[in-house]
Amino acid sequence: FGMVSALTHWIAFGLLSFVGIRMLLAARGDVHAHATVDPSRGATLILLSVATSLDALAVGLSLAALHVDVWLPALIIGLVTGALCVVAVRIGTRLGARLGRIMEAAGGLLLIAIGLRILLEHVWKG
């Protein structure tokens, strides 16, 4: 458990930064990068899933180690996440059609910022 907890923030930061940088390159107009970056398919989807799940894995292991009943928190987290995903897809569809490259660059920067936040949060915790 200690080793997983010690590495998850670095792995999440690396994976999120990797995908974010690829999105920034695609937004810049690099045709090759644009062709390979589709966050809803293939390796990019797997990388994003792993990166965003590692922090949750560490929290879940911590809750299990503390013998906390996780059913209610898991249900609430799942419902809120699902609702926010639906809203985000609807907003993204509308804005993506109008703002294309700007939204792709913003998404890449957001992924890098999330990875940096995860890293700094764990580093400052000690």
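The values are calculated or read from the model by the stated rules, or taken from the named source; none is laboratory data. Worth saying up front: this structure is predicted, and the values here are computed from it rather than measured. Cβ placement follows ideal geometry from the backbone for every residue including glycine, while neighbour counts extend to all protein chains displayed. Ligands, DNA and RNA are stripped out before the accessible areas are found, and what is left, the full protein with its side chains, is counted by its heavy atoms. Shrake-Rupley method; radii C 1.70, N 1.55, O 1.52, S 1.80 Å.
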Quiz item: Of the heavy-atom accessible surface of the chain (probe 1.4 angstrom), what whole percent is carbon and sulfur?
Solution: 75 percent
Practice problem: Work through the residues other than Ile102 whose Cβ is under 14 Å from its Cβ and net out their charges, Lys, Arg +1 and Asp, Glu -1. | Solution: +3
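Compute the length gained on full extension between Ala74 and Ile102: take 0.36 nm times their separation in residues and subtract their Cα-Cα distance, giving the result in nm to one decimal.
Roughly 6.7 nm would be gained on extension.
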Quiz prompt | Accessible area (Å², per residue) of the chain, counting only protein heavy atoms and a probe of 1.4 Å | solution = 69 Å²
Quiz item: Mind checking the dipole of the stretch 41-126: about its Cα centre, +1 per Lys or Arg Cβ, -1 per Asp or Glu Cβ, Debye to the nearest 20?
Solution: 440 debye
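Restricting to DSSP H runs of at least four residues, report the calculated mean residue ellipticity at 222 nm for the chain, -39500 (n - 2.57) per run over all residues, nearest 500 deg cm²/dmol.
That comes out to -32000 deg cm²/dmol.
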